[in-house]
Amino acid sequence: MRSMISRAFSLIALTGFVAACAGGGGPAPLPPPVAPPASDPFPDQVSQPTPSPGQDGRQRFDGVFTALQASLVLAGNPGPESVNWIEDGDRFSYTTTNASTRVEEVRVYDPVTMTEEVAFTASSLQRADGNPLSYDAFQWASDSRYVLFQTEFRPIYRRSGISDYYLYDRSEGDLELVADDVRSAELSPDGEWVGYERGGDLFAFDLSSNRTVRLTTEGSDSIFNGVFGWVYEEEFGIAEAWEWSPDGNHIAFWQTDEREVSTIAITDWSGMQPDFLEIAIPEVGEPNPKVRIGVADIRDGEVVWLDTGISADHYIPRIYWTSRPNTLAVVTLNRPQNHVQLFLFDVTTGEKEMVFEERSDTWLDVYDFFAGIEHFFFFPEGLEEFHWISDRSGHQHLYRYDYQGNLLNQVTSGAWNVIRVEAVDLESRTIYYTSAEDSPLERQLYAVGFDGTGKRRLSEGRGNHSFDVSPNGRYYLDRWSNTETPLQVELRSTGEGRLAVLEDNGETRAWMEANAYSPTELFTFETSDGVTLDGSMVRPPGFDPSYAYPMVLSIYGGPGSQQVYDEFATDFFNQYLAQQGYIVVGLNNRGSGNYGRDFMKMVYRRMGHWEANDFAEVGRYLASQPWVDGERMAIMGTSYGGYTSIFTMLAHPDVFRLGIANSPG
C-alpha cells in the first residue's frame with residue numbers, strides 16, 4: 001500500500017511536470033507512437049479495463065491500474081512455493097493448488113526419481129472448532145513425523161507479528177493448537193519439543209508428555225526475552241531472538257531492556273479515528289536497548305547468563321551454536337559499527353574466550369539487508385571451524401578460521417564479491433556460494449574446495465540468479481532471468497546440472513507478443529572524474545531516436561544497495577511511464593554494493609554527496625544524447641531515494657527540472 005501511494009504521488013507530480021514543460025513555449029508534444037496519458041489515471045472503480053491498441057497493433061495500458069494487472073504476468077509464475085528441504089536435502093516439499101480439485105496440497109518431490117507425492121491437503125486438516133486449517137507457513141520435524149503450522153499472522157514491525165501455531169502428527173493424523181498469540185515458535189532439532197515466545201517470556205512444550213516448561217519470568221512492557229524491540233529487528237534484520245541448540249537441550253536467547261530508551265509517537269490513520277502508538281526508538285546519541293544473552297536448559301529450566309565483559313555501548317547482532325558441544329558463538333559490534341568481536345562461550349559455566357576481532361575505518365557488516373543475506377558468519381555442522389565473509393581485501397571474500405581464531409586460509413580471491421554461502425558439503429569439503437564474479441549485474445552459483453582449489457561455476461544462463469540449495473549441497477532450485485528472458489525456474493544437481501525446467505513462463509512471452517513491452521536496456525558511461533557506472537533504461541514503445549524524450553531518473557541509492565541488474569523488467573510503474581512517453585533510468589551509483597569495498601564505502605560520513613554527484617553525472621550524460629530532452633528531466637525516489645532526490649536538487653540545481661521525494665529519510 002505504501003508503495004502504491006508513493007507511486008500515485010509520483011504520477012501526479014509527473015503529470016504536472018509534463019504540463020509545465022508543455023506550456024508557455026516549452027517542448028513539443030510527444031510523437032504519435034506514444035499513447036497520451038489517460039484522462040483519469042485514478043478512476044474510482046476499476047474492473048478489468050481494456051487496453052488500447054497502439055499504432056503497431058500491440059495493446060497499450062489505459063491507465064496505471066491496467067499496468068498493475070500486467071505486472072502479475074510480467075513477474076511470471078515463481079514455480080514451487082513454500083519450499084522446505086527435508087531428509088537432509090534429498091527431497092523437498094512445496095505447496096500448490098491441484099488444478100483439478102482446486103484444493104491446496106503439500107507435495108514432496110524426489111529429485112532422484114523425478115516423482116512427487118501428496119503429503120497432505122489443506123482440506124484434510126481440521127481445527128478443533130471444525131474449521132479447516134489456513135496457514136501462513138510451516139516447518140517439518142527432522143524425521144518428518146511432525147509439521148508445525150504458523151497461522152493467523154498479525155504483523156507488528158517489518159518482519160515480526162503475532163501468530164497461532166498448530167502441530168500436525170502425520171502418523172496419528174492429529175492436529176492440535178500448541179501455542180497461541182506468540183511471536184515465534186520452532187520445533188527442536190530432535191523433534192521432541194516446540195519452543196515459543198509469548199508476552200516477553202520463553203516456553204518449551206514437550207510433545208511426548210504434553211507438558212509446558214516456562215523458561216523465563218522477567219517479561220514485561222520494557223524487558224522481554226526471546227523477542228526484539230524495533231531497534232534490533234529493523235537494524236539487524238532478524239525477528240526471532242532465540243535459537244535451539246543442535247542437541248535440543250538448550251535455548252539461547254536475547255534479553256532486551258528498553259527502560260532507558262526514549263519513545264516516539266506514531267499516528268495510525270487506518271481507522272475512523274487516529275490512534276497514537278508509542279514505540280521505543282532512540283534518537284541520535286541516546287541510549288540504545290540493553291541486551292544480554294541467556295541460555296536456558298529445558299531439562300531443569302536453569303538459565304546461564306553470558307557476559308561479554310564489554311562495558312561500552314555495543315550491540316550483540318548475532319549468536320550461533322557451534323559444532324563443539326555446549327558452545328555458543330556470540331558476535332558483538334560497537335556502536336559506530338566498525339569493531340567486531342567473536343566470543344565462544346561454554347553455556348554450562350558462562351566461561352568465554354574472545355577468538356576473533358576485526359576493525360574498520362568505515363563500517364563492518366554482519367548481514368546484507370538488500371541482498372536478503374542474514375549472516376556473514378557461518379558455523380558448519382560437524383566441523384570445528386567457522387567461515388566469514390569479509391571485504392578486508394577490497395572485495396567480499398570467504399575466509400576459514402579454527403575455533404582458536406587462527407586463519408586457516410582465504411578461500412576465494414579476486415576483483416569480485418562473494419555474496420553468500422549457500423551450503424557446505426563436509427564429505428567432499430566443498431563450499432557452494434553465490435558470486436558476482438561474472439559481473440556485478442549477475443548472480444551465479446559456484447563451488448570451491450575448502451582450500452580454495454577446484455573453483456567452478458554451476459549455474460547456466462546469463463543473468464540474475466536466485467538459489468535455494470539443499471542443506472547437503474546436492475540439489476538446488478534456480479530462479480533466474482535476464483533482460484531478454486522472463487523468469488525461469490529450474491531444478492538442478494550440483495553434480496549433473498539441469499534436471500528439469502519447472503517453469504519457463506511461456507505465458508509471459510505470449511503476452512509480450514500481443515502487448516507493448518519495453519525491455520530493460522543496460523548501459524555504461526564514464527563520469528567526469530573517470531569512474532565507470534552501470535545504468536539501465538526503459539524506453540517508450542515505438543522509440544524514435546530522432547525525437548527528444550523526457551527522462552525520469554528513478555533511484556534509491558542507499559549504501560550497499562543495488563538497483564541495476566541483468567534481469568527481466570517487471571516493474572509495472574516503469575512500463576506505465578514508458579507508455580506515457582518517458583525514458584525511465586536507473587543507476588548503480590557510488591555507494592552501491594558489489595563493486596568493491598572502496599566503491600561502496602566512499603560514502604562513509606558523506607551520506608548523499610557521492611550519490612547526488614552520480615545522479616547529476618548520469619543526468620548530464622543523458623542530456624547530451626539527441627533522444628533525451630535535457631530540459632525535461634526529473635529525479636524521484638522513496639526513503640533514502642527521497643533524501644537523495646532532495647540532496648541532488650539542492651546540490652545540482654541545474655540538472656533536473658523536477659524532484660519527487662517520497663517518504664524521505
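In the stretch 497-536, the residue that is most open to solvent (accessible area, probe 1.4 Å) out of those that are in contact with a Leu (Cβ under 9 Å, 6 or more places away or on another chain) and hydroxyl-bearing (Ser, Thr, Tyr) is 524.
Which of the residues belonging to the stretch 536-569 are part of a strand (DSSP E or B) and more than 30 Å from residue 367 (Cβ to Cβ)?
We begin by selecting, within the stretch 536-569, every residue part of a strand (DSSP E or B); these are 536-538, 549-555.
Once the filter is applied, which keeps residues that are part of a strand (DSSP E or B) and more than 30 Å from residue 367 (Cβ to Cβ), the stretch 536-569 yields 537, 538, 549, 550, 551, 552.
Working only within the stretch 537-566, note down all residues that are more than 18 Å from residue 580 (Cα to Cα) and open to solvent by less than 40 Å² (accessible area, probe 1.4 Å).
Kept after step one, since they are more than 18 Å from residue 580 (Cα to Cα), are these residues of the stretch 537-566: 555-566.
Passing the criteria: 555, 557, 558, 559, 560, 561, 562, 564, 566.
Are there any pairs, at least 6 apart or on different chains, whose C-beta atoms fall under 6 Å, with the first in the stretch 165-178 and under 16 Å from residue 131 (Cα atoms) and the second of a type in the set (Val, Ile, Thr), and if so, which? From the stretch 165-178, the pairs are 165/178; 167/178; 168/147. Inspection of the stretch 270-277 identifies no residue that is under 30 Å from residue 401 (Cβ atoms) and either open to solvent by 50 Å² or more (accessible area, probe 1.4 Å) or outside any strand (DSSP E or B) (or both). Out of curiosity, is residue 405 on the phi > 0 side of the Ramachandran plot, surrounded by fewer than 14 Cβ atoms within 10 Å (Cβ to Cβ) and modelled with pLDDT of 95 or more? So residue 405 fails the test.
For residue 463, state whether it is in contact (Cβ under 8 Å) with a residue 60 or more places away in the chain, buried (at least 20 other Cβ atoms within 10 Å of the Cβ), in contact with a Leu (Cβ under 9 Å, 6 or more places away or on another chain) and within 24 Å of residue 373 (Cβ to Cβ).
Working: in contact (Cβ under 8 Å) with a residue 60 or more places away in the chain: yes; buried (at least 20 other Cβ atoms within 10 Å of the Cβ): yes; in contact with a Leu (Cβ under 9 Å, 6 or more places away or on another chain): yes; within 24 Å of residue 373 (Cβ to Cβ): yes.
The answer is yes for residue 463.
Answer with yes or no whether residue 437 is closer than 20 Å to residue 588 by Cβ and either acidic (Asp, Glu) or open to solvent by 20 Å² or more (accessible area, probe 1.4 Å) (or both). Judged against the criteria, residue 437 is a match.
Between 110, 44, 90, the distinction of being acidic (Asp, Glu) and at pLDDT below 90 belongs to 44 only.
Looking across 235, 260, 243, one residue alone is acidic (Asp, Glu), closer than 18 Å to residue 282 by Cα, open to solvent by 60 Å² or more (accessible area, probe 1.4 Å) and not in a loop (DSSP other than H, G, I, E, B). It is 235. Taken over the stretch 466-484, the criterion of being outside any loop (DSSP other than H, G, I, E, B) and open to solvent by 50 Å² or more (accessible area, probe 1.4 Å) is satisfied by 466, 479. Being over 19 Å from residue 189 (Cβ atoms) and open to solvent by less than 60 Å² (accessible area, probe 1.4 Å) is the filter here, so list the residues in the stretch 207-227 that pass it. The answer is 216, 219, 220, 222, 223, 224, 225, 227.
In the set (1) surrounded by 24 or more Cβ atoms within 10 Å (Cβ to Cβ); (2) assigned to a helix (DSSP H, G or I); (3) in contact with a Phe, Trp or Tyr (Cβ under 9 Å, 6 or more places away or on another chain), the condition left unmet by residue 577 is number (3).
The values are calculated or read from the model by the stated rules, or taken from the named source; none is laboratory data. Keep in mind it's a predicted model, so treat the numbers as computed, not measured. Don't worry about glycine lacking a Cβ; one is built from the backbone with ideal geometry, like all the others, and counts go over all protein chains shown. Only protein heavy atoms, including side chains, enter the accessible area calculation; ligands, DNA and RNA are left aside. Shrake-Rupley method; radii C 1.70, N 1.55, O 1.52, S 1.80 Å.
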